[in-house]
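Asker: The structure's right below; bear with me while I get my questions together.
Each value in this text was obtained by applying a stated rule to the coordinates, not by laboratory testing. Everything numeric here is computed off the predicted structure, so don't read it as measured data. Cβ coordinates were reconstructed from backbone atoms using ideal geometry, including for glycine residues, and neighbour counts include every protein chain displayed.
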Amino acid sequence: MFEKRHARREARARHRQLMNAALDLVGMFGDHSATSADLIALVFGQHAIEIGEDEAARYLDAARVTRGQRLPAANELEDQDEPAEEPRPID
């Protein structure tokens, strides 16, 4: 019984630490330039917690939504990775 309570308390504390770090990053950059790698480094430096790329991305997304930002659509993310096409001349 006490083990479950202790595990829940640790999970809440971990979530709070990760969420606070993500909110700090999003507030610091103000746009979508904060990356998962930034959050991974910040959390490890502040709290000695190791997280993966996917978990960091989820926390950054949650922080952006909490701050009132919209998440980019999947097709917008794909467009950012590809170079822009050259404009075609008008015939």
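Asker: Scan region 13-30 for residues that are closer than 25 Å to LEU71 by Cβ and without any contact (Cβ under 8 Å) to a residue 12 or more places away in the chain and report the count. I'd like the intermediate steps shown before the answer.
Answerer: Residues of region 13-30 closer than 25 Å to LEU71 by Cβ: 14-30.
Applying the additional criterion that residues be without any contact (Cβ under 8 Å) to a residue 12 or more places away in the chain yields 15-16, 20, 28-30.
The total comes to 6.
Asker: If you scan region 52-70, which residues turn out to be out of contact with any helix residue (DSSP H, G or I) (no Cβ under 6 Å at 6 or more places or on another chain) and hydrophobic (A, V, I, L, M, F, W, C)?
Answerer: Answer for region 52-70, where residues must be out of contact with any helix residue (DSSP H, G or I) (no Cβ under 6 Å at 6 or more places or on another chain) and hydrophobic (A, V, I, L, M, F, W, C): ALA62, VAL65.
Asker: Continuing with the same structure: Identify all residues within region 42-53 that are closer than 14 Å to MET19 by Cα and either part of a helix (DSSP H, G or I) or touching a strand residue (DSSP E or B) at 6+ places or on another chain (Cβ under 9 Å) (or both); write none if there are none.
Answerer: Residues satisfying the conditions are LEU42, VAL43, PHE44, GLN46, HIS47.
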